[in-house]
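So the structure is just underneath, and the comments pick up after that.
The values are calculated or read from the model by the stated rules, or taken from the named source; none is laboratory data. Just so you know, these numbers come straight off a predicted model, no measurement behind them. Heads up, the Cβs are rebuilt from the backbone with ideal geometry, glycines too, and the neighbour counts pull from every protein chain shown.
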Amino acid sequence: MAMYPRFAKARVEEALSDTRVVLISGPRQSGKTTLASDIASDKIPFLTLDDANVLRSAVDDPVGFVRGLDRAVIDEIQRAPDLLLAIKNLVDDDKTPGRFLLTGSANLMTIPKVADSLAGRMEVVRLLPLSQAEILGKQSDFIDRAFAGEKPKADHMIVGGDLVETVLSGGYPEALGRARWSRKQDWYHGYLDAIVQRDVRDVAQIEQLAIMPKLISVLAEHSGQLVNYSGIGAGLDLNHVTTRKYVSVFESLYLVHTLQPWFTNRLKRLTKSPKLHFLDAGLLAAMRDVSPEVVRKDKTSFGAILETFVFGELRKIATWSEQNCSFSHFRDKDKNEVDIVLENRRGEVVGIEVKSSATVSASDFSGMRKLAEACGEKFVQGMVLYDHDQVVPFGENMFAAPLSCLWGRS
């Protein structure tokens, strides 16, 4: 299988130089173990909790397990969360940076005792499936350019049928290595089955485990839409409280993300509902049984998957961007909306709208203009990303830009 560059590597190495514990956190099969092995090489002991004997030792005697370890890589740490308290005590006694490099397939920061025990001692670096920039071997500076107010730029055009194939393939290395579409989709279904059967138990006490595969299928139909927990749970006889709890389990396993609404005191009539996204377009396409052949016959199935793809690409680029931005969506009561809103720590805002067609008109910027109005001078740039190779200005700081800008460099 091809080895791809991981642009989060520099951030992990920098964190190890000044932080006691570093956690590479992301979904299973996104390449965390490969990256940790690459960083550790032969210099640091590598312990994986996917090994039954190692796991038993860690669970039975967490203090004894880490005692005497000067430095170590511990893989799949969510399988023995009590190890984290033992690690905390060890790194409090010896504050040398870079003592532990951990990987985890669950967002450990959603577990209160974990978040408390390693506050101030651990840096978390997200590693999502491969970005298109990593597949092409070119480190994208899309987010940094956008916040600098620079005109969008694309230098490796992917349009039309090639774009559809790129989007539907997703970013998991194992799936990318399979040539036929049915084989890619088989991999995604097997991947989901394995997570539901095994990892869900590691992160939560779920009373109705058998319902989880059905729930993730229902969520696939809602990707790109506003979240209505009552509506999602209705067909499964789940109330909105239980549905919300179960969705948060999938969120902690990096399968889905609830994108919160953007808010400002200047506008009172804003939607309060979050929006649901899958974090990988290939996984979503497999769950919806959408292949390039399906899109060729009817493109209506492509829009929501493309929006998920763009959201995922931006989340990946953010892991190595200098901006440290938060993500949200904008929608007012008149249904003016912007798919993705990026906001940096200075409160500056970039808006991204996603369109699967090759044409853009002024009306596609109606939500963007409302967002710009609400932000005032904090609005830096708005883009409608579309299936074309031309950058077209649509007023001050507004552009129609090729989707290929997402993997461009200045």
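Here are some notes:
- Checklist (1) of a type in the set (A, V, I, L, M, F, W, C); (2) at pLDDT below 95; (3) in a loop (DSSP other than H, G, I, E, B) applied to LEU128, failing item: (2)
- Looking only at the range 298-340, residues that are among the basic types (Lys, Arg) and at pLDDT 95 or above come to 2 in all.
- A single entry from ALA401, ALA372 fulfils the requirement of being surrounded by 22 or more Cβ atoms within 10 Å (Cβ to Cβ), within 20 Å of ASP141 (Cβ to Cβ) and either of a type in the set (D, E, K, R) or in the same structural domain as ASP144 (by TED's automatic domain parsing) (or both): ALA401.
- GLU251 meets each of the listed conditions (1) modelled with pLDDT of 95 or more; (2) part of a helix (DSSP H, G or I) apart from (1).
- ALA154 vs. criteria in contact with a helix residue (DSSP H, G or I) (Cβ under 9 Å, 6 or more places away or on another chain) and among the small types (Gly, Ala, Ser): yes
- Counting only strands (runs of 3 or more DSSP E) wholly contained in the range 345-410, the ones carrying 2 or more residues that are among the small types (Gly, Ala, Ser) occupy 398-402.
- Helices (runs of 4 or more DSSP H) contained in the range 1-97 and holding at least 2 residues on the phi < 0 side of the Ramachandran plot and polar (S, T, N, Q): 32-40, 52-60
- ASP51 meets each of the listed conditions (1) surrounded by 13 or more Cβ atoms within 10 Å (Cβ to Cβ); (2) in contact with a helix residue (DSSP H, G or I) (Cβ under 8 Å, 6 or more places away or on another chain); (3) free of Cβ contacts under 8 Å to residues at least 24 places away in the same chain apart from (2).
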